[in-house]
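The values are calculated or read from the model by the stated rules, or taken from the named source; none is laboratory data. All figures in this text were calculated on a predicted structure; none of them were measured in a lab. All Cβ positions, glycine included, derive from the backbone under ideal geometry; neighbour counts span all protein chains shown. Heads up: the accessible areas ignore ligands, DNA and RNA and are worked out on the full protein's heavy atoms, side chains in. Shrake-Rupley method; radii C 1.70, N 1.55, O 1.52, S 1.80 Å.
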Amino acid sequence: MIDRIQDGPVIEAQGLTRIHGRGCPDCVRLTGDVHGRNVCPACGSVVAVAEVSFRLWPGEILGVMGESGSGKSSVVRLLHLDDRPSAGTVRFRESHGRAHDLASIDEAEARRLRDTRFGMVHQNPHLGLNFGVSAGGNIAERLLCCGERRFHAIREAALGLLDRTEVPRARIDHQPGQFSGGMQQRLQIARALAPNPELLLLDEVTTGLDLSVQARILDLILSIQRDLGVAMVVVTHDLGVVRLLAGRTMVLRHGRVVESGLTDQILEDPQHPYTQQLVMSAL
Amino acid sequence: MSLSHPVLSVSGLSKAFTIHQQGKRIPSAQDATFAVHAGRLTALVGPSGAGKSTVLKCIYRTYLPQAGSIILHGDPPLDLATCDEHAALRARARDIAYVTQFLHCLPRQPTVDVVAAPLTAIGVPLPQAREAARIRLRELDLPERLWDVAPATFSGGERQRVNLARGLVHRPRLLMLDEPTASLDRRSADLVVAAIRAAKQAGVAILAIFHDPALVAALADDVVELSRPAEAACAA
Ligand SMILES: Nc1ncnc2c1ncn2[C@@H]1O[C@H](COP(=O)(O)OP(=O)(O)OP(=O)(O)O)[C@@H](O)[C@H]1O
Ligand SMILES: Nc1ncnc2c1ncn2[C@@H]1O[C@H](COP(=O)(O)OP(=O)(O)OP(=O)(O)O)[C@@H](O)[C@H]1O
Ligand SMILES: [Mg+2]
Ligand SMILES: [Mg+2]
Ligand SMILES: [Zn+2]
């Protein structure tokens, strides 16, 4: 919700950098869009992301676009504390005001944030769901992490989340392996929403699904934004997805932000040669 | 009218597009300067390609201008040419409505919710937002049987009335119209014109492009002429 902007950003990332490998003093200088590569020629390290800065406000959906290997998932993994940056800071502010620097947080606190404040939805449902337990069990796991112990409350909350994500209640005891691709993604979203998170990270959630199945998931994401006002980062290489979902969009290439702005500006008046090419080729 | 104050002041606004792949620079709007006042309608006129639509898109921040200022008056005033993205989004949400010939809305959304969307976006609860939307739709005489249908299949006239209802629902201070009556039949056009008059009466500042000079004569309080950018400027 636009009016919550004055609360201040949920996420404030500054100079986020992640280098895989031993690294050298020239890794960042010798890679990036101007050099057309993300592998350091001096030491062979992979500069997955470098000098990425952005803010995310309550209720906002930020689109992250870019070709394969541009660093989109790396950014999300850093936000979700699945990985730690080589340099830079990420400030996460909980709604009641407590702020954390995610770059230097300890593992116990990281787990608490992952379990209770963040929700993550992966392109690959095998990464986001536990295929060994039922749909209800997948949601219950998350609720248990938040300290809920009452069986009935858990069952009720799980049913509510299945309704919310349009997974038929009758499927609550089925395992995700029996679900269609679209339904697996909706279950992932239900699971991600269970703790009532303040930050929802969605990495290519519609990629590879039929168009009508995609449409239903996109509608679901919009209704979540409208009703819950949770801040989201939506990673995609699909211009149509950012057009529909994201108020602002950030374009990555070789680990760098080449352009960011209001989504309609990025699509109708792209400034960077790469963004222009991206937009042209989608027409 | 001495009561009317400027809502928007545009000064020295210029925009050119650089197409990197072709090494081309396309001048679009050049040195546009004008103001839009509360309760008045400013018409942008000029030949095709003069940059009329471009000026509206720069004000809305869909296009990034090269030069000039776009001051949305208020406390504090906001320069839409240079302000940060959140300030621009907030101005869109609260102060500015932009209506084109095309209805930009979410697919699959019922009309009443399309119209209510600007209100829910600023935190108005859905039932109240829908009620306000119904009032607007009734004013614009959109048949009630269409309210729960998505506008995808509507006629041009119906769609344009939905568009305008949505533009007006959150009572913006500035309403921008890009050929709002283009390709409408007489009755639809009359309804749209009546809605524009009512908005003006209610104190909305309106910046409009009309293809029909008769509409400019009938509705405009101020006329701003844009000329096509000089050909000489076309060399990159
Ligand atoms: N653990 C790792 N070790 C080495 N290199 C890695 C590692 N993780 C990611 N990379 C590299 O970092 C770069 C960015 O990867 P990332 O997964 O963020 O890309 P992406 O934009 O999400 O791509 P895709 O669209 O294919 O998912 C790639 O070159 C990738 O090979
Ligand atoms: N996104 C864009 N990319 C490149 N050039 C553009 C873009 N938008 C507008 N232009 C160019 O800018 C110039 C002015 O266009 P604009 O649409 O603003 O004119 P207009 O005065 O509204 O014309 P009309 O009366 O035909 O609608 C034209 O040469 C147009 O091709
Ligand atoms: Mg990825
Ligand atoms: Mg035009
Ligand atoms: Zn190196």
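Please go through (1) closer than 16 Å to B:VAL7 by Cβ; (2) outside any helix (DSSP H, G or I); (3) open to solvent by less than 20 Å² (accessible area, probe 1.4 Å) for B:VAL55 and return the number of the only condition it doesn't satisfy.
Exception for B:VAL55: condition (2).
Right, B:GLU158: open to solvent by 20 Å² or more (accessible area, probe 1.4 Å), within 16 Å of ligand 4 (Cβ to nearest atom) and either modelled with pLDDT under 90 or touching a strand residue (DSSP E or B) at 6+ places or on another chain (Cβ under 6 Å) (or both) or not? Lay out the reasoning, then the answer.
Details: open to solvent by 20 Å² or more (accessible area, probe 1.4 Å): yes; within 16 Å of ligand 4 (Cβ to nearest atom): no; either modelled with pLDDT under 90 or touching a strand residue (DSSP E or B) at 6+ places or on another chain (Cβ under 6 Å) (or both): yes.
No: the conditions fail for B:GLU158.
Inside segment B:69-101, can you point out the residues that are assigned to a strand (DSSP E or B), away from chain A (no Cβ under 11 Å) and in contact with a helix residue (DSSP H, G or I) (Cβ under 8 Å, 6 or more places away or on another chain)? I'd like the intermediate steps shown before the answer.
If we filter segment B:69-101 for residues that are assigned to a strand (DSSP E or B), which is where we start, we get B:69-72, B:78-79, B:96-99.
Of the ones still in play, those that are also away from chain A (no Cβ under 11 Å) are B:69-72, B:78-79, B:96-97, B:99.
Within segment B:69-101, B:ILE70, B:LEU72, B:LEU78, B:ILE96, B:ALA97, B:VAL99 qualify.
Please go through segment A:191-216 and give me each residue that is away from ligand 3 (no atom under 16 Å from the Cβ) and under 15 Å from the mean Cα position of the chain (by Cα), ordered by number.
Within segment A:191-216, A:ARG191, A:ALA192, A:LEU193, A:PRO197, A:GLU198, A:LEU199, A:LEU200 meet the criteria.
Where in segment A:1-119 are there strands (runs of 3 or more DSSP E), lying wholly inside it, with at least 2 residues that are open to solvent by 40 Å² or more (accessible area, probe 1.4 Å), among the basic types (Lys, Arg) and more than 15 Å from ligand 1 (Cβ to nearest atom)? Explain how you work it out, then say what you get.
Details: elements: A:11-20, A:46-56, A:61-65, A:87-93, A:99-101.
So the answer is A:87-93.
Pull out all pairs, ordered by first then second residue, where Cβ-Cβ is under 7 Å, the residues are six or more apart or on different chains, the first lies in segment A:136-147 and is farther than 14 Å from A:ARG164 by Cβ, and the second is of a type in the set (Ser, Thr, Tyr) and not in a loop (DSSP other than H, G, I, E, B).
Here the result reads A:CYS145/A:THR116; A:CYS146/A:THR116, each pair linking segment A:136-147 to a residue that is of a type in the set (Ser, Thr, Tyr) and not in a loop (DSSP other than H, G, I, E, B).
Would you call B:ALA38 away from ligand 5 (no atom under 16 Å from the Cβ), open to solvent by less than 30 Å² (accessible area, probe 1.4 Å), in contact with a Leu (Cβ under 9 Å, 6 or more places away or on another chain) and not charged (D, E, K, R)? Please lay out each step first, then the result.
Values: away from ligand 5 (no atom under 16 Å from the Cβ): yes; open to solvent by less than 30 Å² (accessible area, probe 1.4 Å): yes; in contact with a Leu (Cβ under 9 Å, 6 or more places away or on another chain): yes; not charged (D, E, K, R): yes.
So B:ALA38 passes the test.
B:ALA29 passes all but one of (1) more than 16 Å from ligand 4 (Cβ to nearest atom); (2) open to solvent by less than 60 Å² (accessible area, probe 1.4 Å); which number fails?
B:ALA29 satisfies all of (1) more than 16 Å from ligand 4 (Cβ to nearest atom); (2) open to solvent by less than 60 Å² (accessible area, probe 1.4 Å) except (1).
For residues that are open to solvent by 10 Å² or more (accessible area, probe 1.4 Å), hydrophobic (A, V, I, L, M, F, W, C) and within 9 Å of another protein chain (Cβ to nearest Cβ), tally how many sit in segment A:229-266.
1
Restricting attention to segment B:54-66, does a residue exist that is more than 14 Å from ligand 2 (Cβ to nearest atom), closer than 20 Å to A:ALA246 by Cα and among the β-branched types (Val, Ile, Thr)? Lay out the reasoning, then the answer.
If we filter segment B:54-66 for residues that are more than 14 Å from ligand 2 (Cβ to nearest atom), which is where we start, we get none.
Scanning segment B:54-66, I find no residue that is more than 14 Å from ligand 2 (Cβ to nearest atom), closer than 20 Å to A:ALA246 by Cα and among the β-branched types (Val, Ile, Thr), so the answer is no.
Name the pairs: first residue in segment A:33-59 and closer than 28 Å to A:ARG93 by Cβ and modelled with pLDDT under 95, second residue away from ligand 2 (no atom under 16 Å from the Cβ) and outside any loop (DSSP other than H, G, I, E, B), Cβ to Cβ under 6 Å, at least 6 apart or on different chains?
A:TRP57/A:ILE5; A:PRO58/A:ARG4; A:PRO58/A:ASP7; A:PRO58/A:ALA231; A:GLY59/A:ARG4
Within the bounds of segment B:162-182, is there any residue that is farther than 24 Å from B:ALA93 by Cα and out of contact with any Asp or Glu (no Cβ under 8 Å at 6 or more places or on another chain)?
yes
Go through segment B:47-68 and report how many residues are of a type outside the set (S, T, N, Q), within 16 Å of ligand 4 (Cβ to nearest atom) and in contact with a helix residue (DSSP H, G or I) (Cβ under 6 Å, 6 or more places away or on another chain). Give the steps one after another, and end with the answer.
Of segment B:47-68, the ones of a type outside the set (S, T, N, Q) are B:47, B:49-52, B:55-61, B:63-65, B:67-68.
This time we only want the ones that are within 16 Å of ligand 4 (Cβ to nearest atom), so: B:47, B:49-52, B:55-60, B:63.
Going one step further and asking which of them are in contact with a helix residue (DSSP H, G or I) (Cβ under 6 Å, 6 or more places away or on another chain), we end up with B:63.
Matching residues across segment B:47-68 total 1.
For segment B:173-191, give me the residue count where each residue is of a type in the set (Asp, Glu) and closer than 20 Å to B:PRO118 by Cβ.
From segment B:173-191, those of a type in the set (Asp, Glu) are B:178-179, B:185, B:190; that's our starting set.
Right, trim to closer than 20 Å to B:PRO118 by Cβ and you get B:178.
Looking only at that region, the number is 1.
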